[in-house]
Amino acid sequence: MIEPDVLGLKDELVQLRRTFHMYPEIEFELHRTSKLVADYLESIGLEVKRNIARTGVVALLKGNKPGKTLMLRADMDALPLQELNDVPYKSKIDGAMHSCGHDGHTAMLLVAAKVLASRKDRIAGNIKFVFQPSEERFPPGGAIPMIEEGVLENPKVDMAFGIHLWNALPVGTVGLRAGPLLAAADEFKIILKGKGGHGAYPHACRDPIVAASELVLAFQTVVSRSVDPLESAVVTVGKLQSGTAFNIIPETAILEGTVRTLNEQIRGVVKKRMERIIRGVCEAHEIDFELDYKDGTAVLINDAELTKMVRKVAEEVVGKENVVEVPPSMGGEDMSFFLQKVPGVFYLVGSANPAKGLDKPHHSPYFDIDEDALLIGTQMHVSLVMKISGEDA
Ligand SMILES: [Zn+2]
Ligand SMILES: [Zn+2]
């Protein structure tokens, strides 16, 4: 159920989302967006800190009753992508688009803050509203610098919650999962250095293309032979570059790719195995190599007890039959770093409506959401706070 004070702010909620949608900003350069966010939060009487991790914003609401400190997080960044939708609120910025729904995340958390500020008397403890830059661009992402700048301290955060609008689920549903929900998303780059020369005289060369080809195939055995079949992992080579002409053996080849895993132990297994394969293949072909392996987002793990509580709240908001258990996904999210420090839950609010053509995947130039999902997300934030304050929604 959507409560009257939330429902009454529907127009404002949609307007805010559309404003963010029309003026998307990317990575840490969210100057317009973060100013609007901070001004809004100040206008409803909250203590606001600007320019955290460059353009992040944090606001504190002190409830009138004693209690814990709860953090609600929204990411605010868009993607470097040209919007192809033909809608009145289409992006006005060339080459930038909110095609992941973060415009909605920002609007929902702002309106939730407004509703909660008006219910101060009923709130136990503190609510910290955290608006994060650069979720999409990792490394470094916005979460780590925000933590380094003390977002989880003063007052110390006891638990954290975040929402992603989700076009793989229909509007009217909420998706949840206890334990691992999203993957550790690592990135690697391998530079192979051989000895170039004439394509007709390979014996006088050391061919990096042959070694690169063997590496791509050998990597396929990491998941199939070294990872427990009951666990999950992905090794993808997404970029392979070498050579300039049909009759030249090049000096170098470059491979780039991603590793996705759902637990730290498997992450270690994959990393070690890849290193051994690279060393072995390069040794066999007398190729020198450089490996640059960058740890990406951590595995996102939802706290089991708090997930139960979010489930209860979701059942009250959308009805028991509309709360779905979602499988883990190999996507990455830097909300995981907050959840490494404090227990919490990151969950999904369905935003697709196939009948209206609003079911395009995230990061598509045609991505758009059913805006009714915004009310559900806002109500979830609000009801969760009330639940933790000891009220039943
Ligand atoms: Zn995204
Ligand atoms: Zn996203």
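Values computed for the structure shown
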| read-out | value |
| --- | --- |
| Residue that is nearest to ligand 1 (Cβ to nearest atom) [pool: residues in the stretch 55-86 that are over 17 Å from Pro361 (Cα atoms) and over 24 Å from the mean Cα position of the chain (by Cα)] | Leu61 |
| Residue that is farthest from ligand 1 (Cβ to nearest atom) [pool: residues in the stretch 90-117 that are in a helix (DSSP H, G or I) and β-branched (Val, Ile, Thr)] | Val115 |
| Test for Phe161: is it more than 16 Å from ligand 1 (Cβ to nearest atom), surrounded by 24 or more Cβ atoms within 10 Å (Cβ to Cβ) and in contact (Cβ under 8 Å) with a residue 24 or more places away in the chain | yes |
| Residue match in the stretch 313-326 (condition: crowded, with 20+ Cβ neighbours inside 10 Å, in contact (Cβ under 8 Å) with a residue 60 or more places away in the chain and within 16 Å of ligand 1 (Cβ to nearest atom)) | no |
| Elements of type strands (runs of 3 or more DSSP E) in the stretch 248-340, at least 1 residues being in contact with a Pro (Cβ under 9 Å, 6 or more places away or on another chain) | 252-261, 288-297, 300-302 |
| Scope the stretch 196-234; condition more than 32 Å from the chain's Cα centre (by Cα) and touching a residue at least 60 places away in the same chain (Cβ under 8 Å); matching residues | Arg206, Asp207, Pro208, Val210, Ala211, Glu214 |
| Given (1) out of contact with any His (no Cβ under 9 Å at 6 or more places or on another chain); (2) within 16 Å of ligand 2 (Cβ to nearest atom); (3) in a strand (DSSP E or B); (4) of a type outside the set (A, V, I, L, M, F, W, C), number of the condition Arg137 does not satisfy | (3) |
| Members of the stretch 134-154 that are crowded, with 18+ Cβ neighbours inside 10 Å and under 11 Å from the mean Cα position of the chain (by Cα) | Ser134, Glu135, Glu136, Phe138, Gly141, Gly142, Ala143 |
| In the stretch 227-243, residue surrounded by the fewest Cβ atoms within 10 Å (Cβ to Cβ) [restricted to those that are closer than 15 Å to Arg260 by Cβ and hydroxyl-bearing (Ser, Thr, Tyr)] | Thr236 |
| Residues of the stretch 118-134 classified as in contact with a Leu (Cβ under 9 Å, 6 or more places away or on another chain) and part of a loop (DSSP other than H, G, I, E, B), total | 3 |
| Residue within the stretch 80-89 that is part of a helix (DSSP H, G or I), at pLDDT 95 or above and surrounded by 15 or more Cβ atoms within 10 Å (Cβ to Cβ) present | no |
| Only one of Gly331, Gly357 that is surrounded by fewer than 19 Cβ atoms within 10 Å (Cβ to Cβ), at pLDDT below 95 and assigned by TED's automatic domain parsing to the domain that holds Thr106 | Gly331 |
| Which listed residue, of Gly63, Gly56, Gly101, is surrounded by fewer than 24 Cβ atoms within 10 Å (Cβ to Cβ) and either of a type in the set (Gly, Ala, Ser) or out of contact with any strand residue (DSSP E or B) (no Cβ under 7 Å at 6 or more places or on another chain) (or both) | Gly63 |
| Subset of the stretch 24-43 (residues that are buried (at least 17 other Cβ atoms within 10 Å of the Cβ) and of a type outside the set (Gly, Ala, Ser)) | Pro24, Glu25, Ile26, Glu27, Phe28, Leu30, Thr33, Leu36, Val37, Tyr40, Leu41 |
| Positions within the stretch 361-385 being farther than 14 Å from Arg311 by Cα and hydroxyl-bearing (Ser, Thr, Tyr), in sequence order | Ser364, Tyr366, Thr378 |
| Test for Arg50: is it in the same structural domain as Ala113 (by TED's automatic domain parsing), farther than 25 Å from Val345 by Cβ, free of Cβ contacts under 8 Å to residues at least 40 places away in the same chain and surrounded by 14 or more Cβ atoms within 10 Å (Cβ to Cβ) | yes |
| Which listed residue, of Leu384, Leu374, is touching a Gly at 6+ places or on another chain (Cβ under 6 Å), away from ligand 1 (no atom under 16 Å from the Cβ) and assigned by TED's automatic domain parsing to the domain that holds Val310 | Leu374 |
| Residue tally, condition within 16 Å of ligand 1 (Cβ to nearest atom) and not in a loop (DSSP other than H, G, I, E, B), over the stretch 358-371 | 0 |
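The values are calculated or read from the model by the stated rules, or taken from the named source; none is laboratory data. Please read all numbers here as calculations on a predicted model, not as lab measurements. As a convention, Cβ positions derive from the backbone with ideal geometry for all residues, glycine included, and neighbour counts pool all protein chains shown.
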